[in-house]
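Working notes, beginning with the structure itself.
Since every read-out is calculated from the coordinates, none of them should be taken as a lab result. On a predicted model such as this, the values are computed, not experimentally measured, just so you know. Methodologically, a virtual Cβ is constructed for each residue, glycine included, from the backbone with ideal geometry; neighbour enumeration extends over all protein chains shown.
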């Protein structure tokens, strides 16, 4: 279920738009790229991401109706979002990167994908690894 918005918004970015972008743009998932691809301003994309507090279950609720949930396969992807110049940013640490074949400074994103028997392959959950707590979290403090 999508969160109920408590006050009107002027942002043009929506959850379905953002998820569509993430599904269609696996390589460069940045606000700049979102704004370019979806023909919205960078400020709109940034406001959307700052305003909303989506969790893994929200991604599942968006993906589930598109999938045949009988007889499929779950797979896990752990990616490191490079943040080489970040200072004092939550969730940034040093993680092994298969892309760089070494430890890099970044954010460790763990994504759960579901592949159904009809050939659909969609993300259904995610977590950001919080090294300070030694476990994964959807948001700091949970």
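Please give, to one decimal in nm, the separation of the simple spin-label points placed at residue 37 and residue 85, each 7 Å out from Cα toward the Cβ.
2.3
Counting just the Cα atoms, what span does the stretch 69-137 cover along each of its three principal axes? Round to the nearest Å and put the largest first.
44, 25, 15
Give the Rg (one decimal place) followed by the Dmax (whole number) of the stretch 11-53, computed from C-alpha coordinates and expressed in Å.
For the stretch 11-53, the Cα radius of gyration and maximum Cα-Cα distance read 9.1, 24 Å.
Report the calculated FRET efficiency for residue 131 and residue 64 (r = Cβ-Cβ distance, R0 = 41 Å), to the nearest 0.05.
Details: r = 30 Å, r/R0 = 0.74.
In this case the efficiency is close to 0.85.
Please list 91-100, 52-61 highest first by mean number of surrounding beta-carbon atoms within 10 Å per residue. Before the final figure, lay out the partial values.
Values: 91-100: 14.3, 52-61: 16.2.
Descending mean neighbour count gives 52-61, 91-100.
If packing is taken as the average number of other Cβ atoms within 10 Å across a peptide's residues, how do 121-128, 72-79 rank, most packed first?
Details: 121-128: 17.8, 72-79: 12.6.
Put in order of decreasing packing, that is 121-128, 72-79.
What distance in nm lies between label points placed 7 Å from Cα along the C-beta direction at residue 55 and residue 74?
In this crude spin-label approximation the distance works out to 1.7 nm.
May I ask you to compute the full-extension gain from residue 121 to residue 105, defined as 0.36 nm times their residue separation minus their alpha-carbon distance, rounded to one decimal in nm?
Working: separation 16, 0.36 × 16 = 5.76 nm, distance 2.90 nm.
2.9 nm is the gain from fully extending residue 121 to residue 105.
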